[in-house]
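Chemist: Sharing a structure below in structure tokens format, with a few things to ask.
The values are calculated or read from the model by the stated rules, or taken from the named source; none is laboratory data. The structure displayed is predicted, hence computed values, not measured ones. Positions of Cβ are generated from backbone atoms using ideal geometry, with glycine treated the same way; all protein chains shown enter the neighbour counts. These accessible areas exclude ligands, DNA and RNA; they are computed on the full protein's heavy atoms, side chains included. Shrake-Rupley method; radii C 1.70, N 1.55, O 1.52, S 1.80 Å.
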Amino acid sequence: MPAGVFKETYEGDMAFIRYPIHKAALVLAVIAGLSAPLLLDTYYLNLAITALIFWVAVIGLNITVGLAGQISLAQAALMGVGAYTVAFAALKLGVNVVLALPLAGITAMIIGLVLSLPSFKLKEYYLAMASLAAQLLLEYAFSRIDPDQYTPIPPEAKRLASIDLNEPEALYYFTFIVAALMALAAGNIARSSYGRAMKAVRDNDVAASIVGVNVPLTKAIAFGIGGFYAGIAGGLYAIYSVGIGWEAFTLVNSIELLGMVLIGGPGRVVWGSLLGVLVLRTGWTLLESNLVPILAAMGFSAFASAIKYIVLGTLITVVIILEPEGLIAVLRRVKEYFRLWPYSY
Amino acid sequence: MYYTLNPPATNFNEHLINPNWVHLVPHPQPSMEEAKVDMVWDKSSLYKRVWGMGERILWAEGLHLSFGGVRALDGVSIVIRKGELVGLIGPNGAGKTSLLNVISGIYRPERGRVYFKGKDITGMPPHERVKLGIARTFQHGEMFHGMTVLEAIMLRLHPWHRGSIIEAALWGFRAKRWEVEARERAEHIIDLLELQEYRHRPVGSLPPGIQKKVDLAAALVQDPEVILMDEPMAGLSREEKEDIIRAIIEVRETRGTTMVLVEHDLEVVSDICDRVIVMDRGRVIFDGHPEDAVRDEAVITAYIGG
């Protein structure tokens, strides 16, 4: 706690915004977020929208994996469930995408709850295998309902009153608000009693049950929330896309999402997830657009397509070895350094 | 003079209910003179007078549990009475921790029942037993090493948490109020055990003595009727042990909580416990006053090996 800040109530001590710097950061983030469409061109705006969408998905996975310690390799498939829910609700039923979005969350949440069933008995690798099976099953289901790998989202379903989500600016603001609300809710869950229960299950589930945590229920909640977030993210992805294909929701995407959690900071639900997305998704896209042409020009075009996974794998390995708590821990150390500055202790 | 080796049963029919219950043979009640002598001569424990006379709060009958070929519990029956501090001792592998695990619901016994306040809790999941009032501390104090002290203590109030996950996500009025109440209760215990300075430190970064104290604090915040303590003094220095013992005694005197203490250190047990149950190879081999335990032949054989 910085010097000169005193709290007289527990409520104040446990609030989200405790110190002046929190307030300043919040104001800056809101200003930056809201002014982004004015400053960025369409390419970067789309990049920002994807980052926000993946932020939501990674927050969900971070709750399942980072907070509750239940490995899931099916997050991309759950995103797919949300995306197809929105797509088919818009296409077949003519439901507006904004109204279909909560439905997407709920559908994916139900699937997530089903995925939690193996976690009652299985742990770690075995649980990973169970979620892998779920991922592959869902992929197969997608390939049956969407054999052409293309389900268009009708543009007229993206209009609600005077808001037209076909325009990037409107879509950006919509995504920003949804993502911000989801992040706030995730932060609240993490600091609530449920958050503590999930952490206990992650650290030692037998001990958690001894101290009075209903372990199966907590695991189910963690998977359910993870699914809900994935569904919302998938729904947003469908709104963002002209049309969706199931190749966006494959195992590789699931592993990428898991990589974002591990690199950003498992258990650091809000900001760790954002950092993971910025590094692995946005950072990578920016790098790729510069790197691949250079590699291709050097005659490594075969290498260029594989480089993504080489870099991804190396990065995850290095981060896990050097910083198991994720890159957010580096930021925390920097913060600590400046808090103590000019002393080192 | 102590009047008996076996706790005199107040319910003289107990042996009729379970004939295998060899260590609970009916025993004549001490005369008033004897009881008085007991009280006069032994001032070390305020609760001595309760011994063998209080109503039973937690009891188990004929517990059997085995892992593969190993018999962890072989017909164990115990009675814990209200307000007692019972030491549960025995050599390694005697089944002490298994017994605690059966009582707190981690293992389900193959045979036998566990009762708490007259209610059969044998098949009840662990988190519901906590709600009834059975708390437990761990052999390794740092079970949730990543949590701060405050989190580890507030976590224990989760069974009483009302309000859905949606309320928690929206941080509504009820969720906020609950959180503040939980914090108040946690702070009260932190004050009681003088853990203020460690409040925001991760449990894993604390010295073992403090970890054990945090664990005790965390159990106390549940306001239990019975605390099962699994080796609260294992691996501690003498000073840390004294600190924990002081905390245990303080809690007893202020709250009158019933306690079951698994411990290796016979000295500690005979100093603070009202009664000691000695286990060996999954059986109860002695049940009575600590000072008689060290003279009991079966106990000596079990400890020294015969």
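Chemist: With the condition kept exactly as written, say whether any residue in the stretch A:295-318 is free of Cβ contacts under 8 Å to residues at least 60 places away in the same chain, open to solvent by 70 Å² or more (accessible area, probe 1.4 Å) and either under 16 Å from A:L52 (Cβ atoms) or outside any helix (DSSP H, G or I) (or both).
Modeler: Yes, that holds for at least one residue.
Chemist: For the stretch B:168-271, which fully contained helices (runs of 4 or more DSSP H) count at least 1 residues that are without any contact (Cβ under 8 Å) to a residue 60 or more places away in the chain and within 30 Å of B:A302 (Cβ to Cβ)?
Modeler: Details: elements: B:173-192, B:208-220, B:238-255.
Output list reads B:208-220, B:238-255.
Chemist: Something else about it: For the condition within 14 Å of chain B (Cβ to nearest Cβ) and either out of contact with any Ser or Thr (no Cβ under 9 Å at 6 or more places or on another chain) or closer than 23 Å to A:A130 by Cα (or both), what is the one hit in A:I63, A:I31?
Modeler: Numbers: A:I31 fails: within 14 Å of chain B (Cβ to nearest Cβ).
A:I63 is the lone residue from the list that is within 14 Å of chain B (Cβ to nearest Cβ) and either out of contact with any Ser or Thr (no Cβ under 9 Å at 6 or more places or on another chain) or closer than 23 Å to A:A130 by Cα (or both).
Chemist: Sticking with this one: Would the stretch B:288-302 turn up any residue that is open to solvent by less than 10 Å² (accessible area, probe 1.4 Å), over 15 Å from the mean Cα position of the chain (by Cα) and among the β-branched types (V, I, T)?
Modeler: Residues of the stretch B:288-302 open to solvent by less than 10 Å² (accessible area, probe 1.4 Å): B:288-290, B:293, B:299.
From what is left, the residues that are over 15 Å from the mean Cα position of the chain (by Cα) are B:288-290, B:293, B:299.
Checking the rest, the ones that are also among the β-branched types (V, I, T) come to B:299.
Yes, the stretch B:288-302 has at least one match.
Chemist: Go through the stretch B:89-117 and report how many residues are of a type in the set (G, A, S), in contact with a Lys or Arg (Cβ under 9 Å, 6 or more places away or on another chain) and within 14 Å of chain A (Cβ to nearest Cβ). Reasoning before the result, please.
Modeler: Initially, the stretch B:89-117 is screened for residues of a type in the set (G, A, S), giving B:90, B:93-95, B:98, B:104-105, B:112.
Add one more test, that the residue is in contact with a Lys or Arg (Cβ under 9 Å, 6 or more places away or on another chain), and what stays is B:90, B:93-95, B:104-105.
The next check asks that each one be within 14 Å of chain A (Cβ to nearest Cβ); those that pass are B:104-105.
So the count comes out to 2.
Chemist: Follow-up question, since we're still on this one. Say whether the condition of being over 23 Å from the mean Cα position of the chain (by Cα), within 14 Å of chain B (Cβ to nearest Cβ) and of a type in the set (A, V, I, L, M, F, W, C) is met by at least one residue in the stretch A:34-50.
Modeler: Looking for residues that are over 23 Å from the mean Cα position of the chain (by Cα), within 14 Å of chain B (Cβ to nearest Cβ) and of a type in the set (A, V, I, L, M, F, W, C), one finds none in the stretch A:34-50, hence no.
Chemist: Here is a check on your reading of the model: is A:L103 open to solvent by 70 Å² or more (accessible area, probe 1.4 Å), away from chain B (no Cβ under 14 Å) and modelled with pLDDT of 90 or more? Break it down into steps so the answer makes sense when it comes.
Modeler: Working: open to solvent by 70 Å² or more (accessible area, probe 1.4 Å): yes; away from chain B (no Cβ under 14 Å): yes; modelled with pLDDT of 90 or more: yes.
Yes, satisfied.
Chemist: Follow-up question, since we're still on this one. Against the condition within 14 Å of chain B (Cβ to nearest Cβ), farther than 16 Å from A:M79 by Cβ, buried (at least 20 other Cβ atoms within 10 Å of the Cβ) and not aliphatic (A, V, I, L, M), how does A:G224 come out, does it pass? Give the derivation first.
Modeler: On the way: within 14 Å of chain B (Cβ to nearest Cβ): yes; farther than 16 Å from A:M79 by Cβ: no; buried (at least 20 other Cβ atoms within 10 Å of the Cβ): yes; not aliphatic (A, V, I, L, M): yes.
Considered against the rule, which asks whether it is within 14 Å of chain B (Cβ to nearest Cβ), farther than 16 Å from A:M79 by Cβ, buried (at least 20 other Cβ atoms within 10 Å of the Cβ) and not aliphatic (A, V, I, L, M), A:G224 comes out as no.
Chemist: Right, here's the next one. Quickly run through the stretch A:189-226 and pick out the residues that are touching a residue at least 60 places away in the same chain (Cβ under 8 Å) and among the aromatic types (F, W, Y).
Modeler: Within the stretch A:189-226, A:F223 is the sole residue that qualifies.
Chemist: Residue by residue through the stretch A:207-221, note down the ones that are within 19 Å of B:S104 (Cα to Cα) and surrounded by fewer than 23 Cβ atoms within 10 Å (Cβ to Cβ).
Modeler: Within the stretch A:207-221, A:A207, A:N214, A:V215, A:P216, A:L217 qualify.
Chemist: Looking only at the stretch A:113-127, count how many residues are buried (at least 17 other Cβ atoms within 10 Å of the Cβ) and free of Cβ contacts under 8 Å to residues at least 60 places away in the same chain.
Modeler: The qualifying residues number 2.
Chemist: Right, A:L38: in a helix (DSSP H, G or I), touching a residue at least 40 places away in the same chain (Cβ under 8 Å) and out of contact with any Lys or Arg (no Cβ under 7 Å at 6 or more places or on another chain) or not?
Modeler: Working: in a helix (DSSP H, G or I): yes; touching a residue at least 40 places away in the same chain (Cβ under 8 Å): no; out of contact with any Lys or Arg (no Cβ under 7 Å at 6 or more places or on another chain): yes.
No; evaluated as a whole, the condition is false for this residue.
Chemist: Scan the stretch A:156-182 for residues that are assigned to a helix (DSSP H, G or I), in contact (Cβ under 8 Å) with a residue 24 or more places away in the chain and surrounded by fewer than 20 Cβ atoms within 10 Å (Cβ to Cβ) and report the count. Steps first, answer last, please.
Modeler: Start the filter on the stretch A:156-182 by keeping residues that are assigned to a helix (DSSP H, G or I), which leaves A:156-158, A:168-182.
So of that shortlist, the ones also in contact (Cβ under 8 Å) with a residue 24 or more places away in the chain come out as A:157-158, A:168-169, A:171-176, A:178-180, A:182.
Filter once more, so that each one left must be surrounded by fewer than 20 Cβ atoms within 10 Å (Cβ to Cβ): A:168-169, A:173, A:176, A:180.
Here the count works out to 5.
Chemist: Picking from A:V95, A:V81, A:V65, A:V56, which residue would you name as being more than 19 Å from A:W271 (Cα to Cα), modelled with pLDDT of 90 or more and either buried (at least 24 other Cβ atoms within 10 Å of the Cβ) or not polar (S, T, N, Q) (or both)? First the steps, then the outcome.
Modeler: On the way: A:V95 fails: modelled with pLDDT of 90 or more; A:V65 fails: more than 19 Å from A:W271 (Cα to Cα); A:V56 fails: more than 19 Å from A:W271 (Cα to Cα).
Of the residues listed, the single one that is more than 19 Å from A:W271 (Cα to Cα), modelled with pLDDT of 90 or more and either buried (at least 24 other Cβ atoms within 10 Å of the Cβ) or not polar (S, T, N, Q) (or both) is A:V81.
Chemist: Can you pull out the residues in the stretch B:141-159 that are more than 7 Å from every other protein chain (Cβ to nearest Cβ) and either β-branched (V, I, T) or free of Cβ contacts under 8 Å to residues at least 40 places away in the same chain (or both)?
Modeler: B:T148, B:V149, B:I153
Chemist: Next question. Can you name every residue in the stretch B:132-147 that is open to solvent by 20 Å² or more (accessible area, probe 1.4 Å) and modelled with pLDDT under 90? Outline the logic, then answer.
Modeler: First, the residues of the stretch B:132-147 that are open to solvent by 20 Å² or more (accessible area, probe 1.4 Å): B:132, B:139-140, B:142-143, B:145-146.
Result: B:Q139, B:H140, B:E142, B:M143, B:H145, B:G146.
Chemist: Would a scan of the stretch B:168-189 turn up a residue that is more than 10 Å from every other protein chain (Cβ to nearest Cβ), more than 23 Å from A:I189 (Cβ to Cβ) and open to solvent by 30 Å² or more (accessible area, probe 1.4 Å)? Lay out the reasoning, then the answer.
Modeler: Restricting attention to the stretch B:168-189, the residues satisfying the condition of being more than 10 Å from every other protein chain (Cβ to nearest Cβ) are B:173-174, B:185, B:188-189.
Among the residues that remain, those that are also more than 23 Å from A:I189 (Cβ to Cβ) are: B:188-189.
The next check asks that each one be open to solvent by 30 Å² or more (accessible area, probe 1.4 Å); those that pass are B:188.
Within the stretch B:168-189, one or more residues are more than 10 Å from every other protein chain (Cβ to nearest Cβ), more than 23 Å from A:I189 (Cβ to Cβ) and open to solvent by 30 Å² or more (accessible area, probe 1.4 Å).
Chemist: OK, next. Residues in the stretch A:66-83: is at least one more than 16 Å from the chain's Cα centre (by Cα) and hydroxyl-bearing (S, T, Y)?
Modeler: Here is the first cut: in the stretch A:66-83, the ones more than 16 Å from the chain's Cα centre (by Cα) are none.
No: the stretch A:66-83 contains no residue that is more than 16 Å from the chain's Cα centre (by Cα) and hydroxyl-bearing (S, T, Y).
Chemist: Return the residue satisfying two criteria in turn: it lies in the stretch A:183-206 and is facing another protein chain (nearest Cβ under 10 Å) and over 20 Å from B:A182 (Cα atoms), and of such residues it is surrounded by the most Cβ atoms within 10 Å (Cβ to Cβ).
Modeler: By that ranking, first place goes to A:A186.
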